[in-house]
1. Between Asp23 and Asn228, with labels modelled 7 Å along Cα→Cβ, what's the label distance in nm to one decimal, could you check?
2. Please state the relative contact order of the stretch 280-334 as a whole percent: Cα pairs under 8 Å, 6+ residues apart?
3. Between Ala261 and Leu320, what length in nm is gained on full extension when 0.36 nm per residue of separation is reduced by their alpha carbon distance?
4. Over 27 Å between Cα atoms: which of Lys265/Lys325; Lys285/Lys465; Lys34/Lys267 fall into that group?
5. Kirkwood hydrodynamic radius, the stretch 336-403, all distinct C-alpha pairs: what's the number in Å?
6. Taking the Cα centre of each part, how many Å lie between the stretch 78-124 and the stretch 171-227?
7. Given a Förster distance of 51 angstrom, what is the FRET efficiency for Thr181 paired with Ile409, based on the Cβ-Cβ distance and rounded to 0.05?
8. Give the relative contact order (percent, whole number) for the chain; include only Cα pairs under 8 Å separated by 6+ residues.
Amino acid sequence: MNIGLAVHRNAIRNPNSEALFGDEPLSYEELDKKSNQIAHYLLSLGYEKGDRVAVLLPNRSEIIELIAGISKAALVYVGLNFRLGMSELEQIFDNCDPVLVITDSEHLDQVSALPNIEDTPVRNVETKEWNTNLGFSSDELPAVVDAITPDDDFCIVYTSGTTGRPKGVLFDHRRVLQHATVACIEYEIEQKSRYLIQIPHNSSVNITIVPCLTVGASISFRDSRNFNPIEFANQVERDNVTHSFLVPTQLMRLLEKLPSASNEKLKSLTTLGYGSSPISPERLKELISRFGSIFNQLYGMAEIASIGTILRKEDHDLGLTSKPKLLASCGQPSLAVNVRVVNENGNTVEDGERGEVIFSGPHVMKGYFRDIERTEEVLINGWMHSGDIAEVDKNGFIYIVDRKKNLIIRGGLNIAPTEIENVIYRHEAVLEVSVVGVPDPEWGEGIVAVVALKDGFDVSVEEIKAFCAQSELTSIKVPERIEIWEDLPKNAVGKIAKNEIRSVFWGSGRQV
């Protein structure tokens, strides 16, 4: 079985079922034929099994046609985020060496500016030439599809590069389809589901796109460049959306910008997933109170195709009533995934002790593309080492403390920024916060909190510092310095870019 064949079978079973809904609807029969044309066109260019095709596009309808078409040609889909910097794109291109780049008019200059790009063909999906080439291509299923094995490579997902040069996470068809099965069960995705995709396609290919294509669900893409809560809610209502996935920053915008009178616009949503960065229990309570029992938290990483643990809807409900601590958890291991929390010797920690989260299972990555050294650093005896520090309770619920690299070492004490961030998030004026360690000649590292305020609020640094001092934080964990910024920087997938904030202080030699 492979991704292209899954699309073809859905076209046979439910030809008129919508693969795409919204302004540019597309049936599964139409998707099958269009992706067949793309596959035949790519094969006519002489590309061979395993060659990489880079797709530098915003979220748009052609994405699922390209994913299916590239797959049917036995090629490897490399989705790229157009928000990546030129140096990151250059590193990615050097690593994956694509045989073709597919883009649009808006991003053609960005592609053309890459060094040595003149040696790589570039195609624009908005040109007459592209459509003419597809029009002359057969819409029959390519024969090569039957020769694609589950162990053939399907896609490379590049990490966001917040910790150095981007890493190309390689998956074959087997791993992605096994993950799709887990995602459909855990997120209750079925043929009648209507999934609104807000996050970039390069991040959502394994989380949402492939699961939907596998089960025959319907997809619609929103522009990931600008999250507008009002427009998001309007589309959910208009198109009877059942599923979506947002990052915490977008959920905060939803709370702040969507009037309470518009809550009803989201009533068709049965599942709203979230993940990729921490969210405070206080904000989570607000979300559940406003929008109901629709939330599933995902915790994982690109290297395991995304899903490692799930905090399910019923867990959120318990968090509002009898078990409030659950709202600080990232849930229990998802189906087909083994999760352990281990100490430095690789032994499983006792309940309540801290250690590193590691994963094993059928959808752990094959490895980092053309990077054996970094693969061997994290993939040890079949276990993917996350770099996240966590605790686990007697019921198997995991509580993330922080990333290893984010821990602040102050006077020999390891301090987790998320503990401080969760306290600051309780302040009614705070929209976003990031806590980082900065140089301190006496203590080694000091603590700085950078805060963005909600619209209409005016609060001083002294008030926030006093709020922290009056909380459960011990004095050594209260930030010595607090700065209020208009907005916090985000990386290409919408996470708060802690490395950029940290560089402001470390790079300039600023101290507390």
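Every number here is computed from the coordinates shown, using simple stated rules; none is lab data. Values in this document were obtained by computation on a predicted structure and should not be read as measured data. Positions of Cβ are generated from backbone atoms using ideal geometry, with glycine treated the same way; all protein chains shown enter the neighbour counts.
1. 1.0
2. Averaging sequence separation for qualifying contacts and normalising by length gives 34 percent for the stretch 280-334.
3. Gain on extension, Ala261 to Leu320, equals 19.0 nm.
4. Values: Lys265/Lys325 30 Å; Lys285/Lys465 24 Å; Lys34/Lys267 34 Å.
Flagged as over cut-off: Lys265/Lys325; Lys34/Lys267.
5. On the way: mean 1/r = 0.0798 Å⁻¹.
Answer for the stretch 336-403: a Kirkwood hydrodynamic radius of 12.5 Å.
6. 25
7. Details: r = 42 Å, r/R0 = 0.82.
With a Förster radius of 51 Å, E is 0.75.
8. Contact order relative to length: 11 percent.
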